[in-house]
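Student: Okay, here's the structure, questions in a sec.
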């Protein structure tokens, strides 16, 4: 546990969450959500939860982004809000 | 103000951020119009809960929950000081959250599949337009 | 607009209540907090038991793997069933079994996508062709070495599934389905649950409890019960890896093609 690192990642986490929910382009939202997943993976590794970090790196930053992009491909890319 | 900051915010910084992320997620689930945005918000909500649980298991100055082999072998012969629980992070929240993440992505897949079916039936993913179309359908009947 | 005002009010109230509760939490990183050490004068935390006894009981240095597959094996069995059910739910929601469009007419969207991207496709395709076996070998290592390092069935399974998704993204879904067809991923997902439930059920044959792998000592020919539990954990992780791999690929294949398993990303 490294407190400075912890605080920096947590602040970036909030910024990434707000950006991914406020951009109107859904593809951009999905990519920022991938960044969010990777940031939270760094946070788990920093807090000593290595197994959770490994899972989050494969699932949050990898598969879930791909699934959202696959859905956007088959629906619409623009969002009204 | 400064005393409040030192007593309430700094020692609980992770928990404050968990509440803020949870508020962002909950707000987007209620207020966002696009269904995919709602799902991203729901995933963010989920990570907030994971953050709460994993933060509860953190110990200051502790290592990862994998015992090193020398200490482990010494513990087998009854060396009581071989494994110091204060130097190993609490593994129980990690176990609970690890399965929750993978189940979370599987259920996210189901939700996205439902979104695709909604798009196929209504031609839109905006909540208000879907509701209007459902209402028009009912008025026709 | 009304929804946004209502949402802001509801979220502010919820957040204020939670923030008020947070001030009563133990300090972040406190080793003496109830979750880490138990209540003073009362019962001690279960995590202390796990930390002190896991290696003696199971010979697995990675506490997370041991607790996941052994102490909390019942929980993980049904988490795996939830993942399997999610895969089947996707199949029920999206999969189109009737052939709606004429088989001879090529999908206009998918042909457009390949016309001007052909030379990019060669570079990406060959790079991924080199990368995929490495990813798969590493994923198998993660599954098998989960006892000693971070990893296990869930992580390795997701990586194996991601390697097939990588084939589909770099080449086409047809290539990926030629290697891992629909029939085989449904079979492998069920086989994973069967392996898990079978390994968990075997101790009942020897007159012991469900998921008590120590009873497999005679069957596996190990010296003590600890090694039998360690091997039992490996069997269980293998089952989890099969199910997770198949379900991840099934979800991607169905989502990217709207359940037709043709064209797609």
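Student: Any residue in the range C:125-132 that is modelled with pLDDT of 90 or more, closer than 30 Å to residue B:115 by Cα and in a helix (DSSP H, G or I)?
Tutor: Taking every residue of the range C:125-132 in turn, none turns out to be modelled with pLDDT of 90 or more, closer than 30 Å to residue B:115 by Cα and in a helix (DSSP H, G or I).
Student: I want to confirm something. Restricting to the range B:23-37 and keeping residues that are surrounded by 21 or more Cβ atoms within 10 Å (Cβ to Cβ) and more than 7 Å from every other protein chain (Cβ to nearest Cβ), which single residue is farthest from the chain's Cα centre (by Cα)?
Tutor: B:35
Student: Is it the case that some residue within the range B:73-88 is crowded, with 20+ Cβ neighbours inside 10 Å and within 30 Å of residue C:241 (Cα to Cα)?
Tutor: The answer is yes; a qualifying residue exists.
Student: Related question: Test residue B:47 against the criterion of being within 7 Å of chain C (Cβ to nearest Cβ), crowded, with 18+ Cβ neighbours inside 10 Å and modelled with pLDDT of 85 or more, and give yes or no. Don't jump to the end; show me each part of the working.
Tutor: Details: within 7 Å of chain C (Cβ to nearest Cβ): no; crowded, with 18+ Cβ neighbours inside 10 Å: yes; modelled with pLDDT of 85 or more: yes.
Spelling it out, it is not the case that residue B:47 is within 7 Å of chain C (Cβ to nearest Cβ), crowded, with 18+ Cβ neighbours inside 10 Å and modelled with pLDDT of 85 or more.
Student: What do you reckon, is residue C:259 in contact with a helix residue (DSSP H, G or I) (Cβ under 9 Å, 6 or more places away or on another chain), crowded, with 24+ Cβ neighbours inside 10 Å, touching a residue at least 12 places away in the same chain (Cβ under 8 Å) and under 25 Å from residue B:103 (Cα atoms)? Before you say what the answer is, go through the steps one by one.
Tutor: On the way: in contact with a helix residue (DSSP H, G or I) (Cβ under 9 Å, 6 or more places away or on another chain): yes; crowded, with 24+ Cβ neighbours inside 10 Å: no; touching a residue at least 12 places away in the same chain (Cβ under 8 Å): yes; under 25 Å from residue B:103 (Cα atoms): yes.
Criteria not met by residue C:259.
Student: How about the range C:31-114: which helices (runs of 4 or more DSSP H) wholly inside it have at least 1 residues that are modelled with pLDDT of 90 or more and under 30 Å from residue C:196 (Cβ atoms)?
Tutor: Details: elements: C:34-37, C:46-58, C:63-66, C:73-94.
Per the criteria, C:63-66, C:73-94.
Student: I'm told residue A:31 meets every condition in (1) surrounded by fewer than 19 Cβ atoms within 10 Å (Cβ to Cβ); (2) in contact with a helix residue (DSSP H, G or I) (Cβ under 6 Å, 6 or more places away or on another chain); (3) free of Cβ contacts under 8 Å to residues at least 40 places away in the same chain except one. Can you identify the failing condition by its number?
Tutor: Just one mismatch for residue A:31, condition (2).
Student: Six or more apart or on different chains, Cβ under 6 Å: which pairs go from a residue in the range A:52-80 that's farther than 14 Å from residue A:29 by Cα to one that's at pLDDT 85 or above and outside any helix (DSSP H, G or I)? Could you list them?
Tutor: So the pair list comes out as A:54/C:150; A:74/C:258; A:75/B:125.
Student: Given the criterion closer than 26 Å to residue C:68 by Cα and at the interface with chain B (Cβ under 7 Å from one of its Cβ atoms), identify the matching residue among C:29, C:15. Break it down stepwise before answering.
Tutor: Details: C:15 fails: closer than 26 Å to residue C:68 by Cα.
On inspection, the qualifying residue turns out to be C:29.
Student: While we're on this one: With a cut-off of at least 2 residues that are touching a strand residue (DSSP E or B) at 6+ places or on another chain (Cβ under 8 Å) and away from chain C (no Cβ under 13 Å), name the helices (runs of 4 or more DSSP H) lying wholly within chain A. So that I can check it myself, show each step before the final result.
Tutor: Numbers: elements: A:3-22, A:26-46, A:50-58, A:64-74.
Helices (runs of 4 or more DSSP H) meeting the threshold: none at all.
Student: Return the residues of the range B:94-119 that are more than 7 Å from chain C (Cβ to nearest Cβ) and more than 25 Å from residue C:68 (Cα to Cα); say none if nothing qualifies.
Tutor: Keep residues of the range B:94-119 that are more than 7 Å from chain C (Cβ to nearest Cβ), which gives B:96-97, B:100-101, B:104-105, B:108, B:111, B:115, B:118-119.
Result: B:111, B:115, B:118, B:119.
Student: Kindly indicate the residue of the range C:71-86 that is in contact (Cβ under 8 Å) with a residue 12 or more places away in the chain and more than 7 Å from chain B (Cβ to nearest Cβ) and also farthest from residue C:261 (Cα to Cα) among those meeting that condition.
Tutor: Taking the range C:71-86 as the starting set, the residues that turn out to be in contact (Cβ under 8 Å) with a residue 12 or more places away in the chain are C:71, C:73-74, C:76-77, C:80-81, C:83-84, C:86.
Within this subset, residues satisfying the condition of being more than 7 Å from chain B (Cβ to nearest Cβ) are C:71, C:73-74, C:77, C:80-81, C:84.
Working: C:71: 40, C:73: 35, C:74: 35, C:77: 30, C:80: 25, C:81: 24, C:84: 19 Å.
Only one residue fits best here, namely C:71.
Student: Next question, about the same structure. So how many residues does the range C:49-70 have that are in contact with a helix residue (DSSP H, G or I) (Cβ under 7 Å, 6 or more places away or on another chain) and more than 7 Å from chain B (Cβ to nearest Cβ)?
Tutor: Step one: of the range C:49-70, the residues in contact with a helix residue (DSSP H, G or I) (Cβ under 7 Å, 6 or more places away or on another chain) are C:50-52, C:54-61, C:63-70.
From what is left, the residues that are more than 7 Å from chain B (Cβ to nearest Cβ) are C:54, C:57-60, C:65-66, C:69-70.
Qualifying residue count, the range C:49-70: 9.
Student: Can you pull out every residue in the range C:141-178 that is outside any helix (DSSP H, G or I) and buried (at least 24 other Cβ atoms within 10 Å of the Cβ)? Outline the logic, then answer.
Tutor: Step one: filter the range C:141-178 for residues outside any helix (DSSP H, G or I), giving C:145-152, C:171-172.
Of everything in the range C:141-178, those that are outside any helix (DSSP H, G or I) and buried (at least 24 other Cβ atoms within 10 Å of the Cβ) turn out to be C:146, C:151, C:152.
Student: Can you pull out the residues in the range C:207-219 that are without any contact (Cβ under 8 Å) to a residue 24 or more places away in the chain and surrounded by fewer than 17 Cβ atoms within 10 Å (Cβ to Cβ)?
Tutor: Narrowing the range C:207-219 to residues without any contact (Cβ under 8 Å) to a residue 24 or more places away in the chain: C:207-209, C:212, C:214-219.
C:207, C:208, C:209, C:218, C:219, listed by residue number.
Student: Are any residues in the range B:64-79 within 9 Å of another protein chain (Cβ to nearest Cβ) and either out of contact with any strand residue (DSSP E or B) (no Cβ under 6 Å at 6 or more places or on another chain) or farther than 19 Å from residue C:148 by Cα (or both), and if so, which ones?
Tutor: Residues of the range B:64-79 within 9 Å of another protein chain (Cβ to nearest Cβ): B:64-69, B:71-73, B:75-76.
Once the filter is applied, which keeps residues that are within 9 Å of another protein chain (Cβ to nearest Cβ) and either out of contact with any strand residue (DSSP E or B) (no Cβ under 6 Å at 6 or more places or on another chain) or farther than 19 Å from residue C:148 by Cα (or both), the range B:64-79 yields B:64, B:67, B:68, B:69, B:71, B:72, B:73, B:75, B:76.
The values are calculated or read from the model by the stated rules, or taken from the named source; none is laboratory data. As the structure is a prediction and not an experimental result, all values here were calculated from the model. Methodologically, a virtual Cβ is constructed for each residue, glycine included, from the backbone with ideal geometry; neighbour enumeration extends over all protein chains shown.
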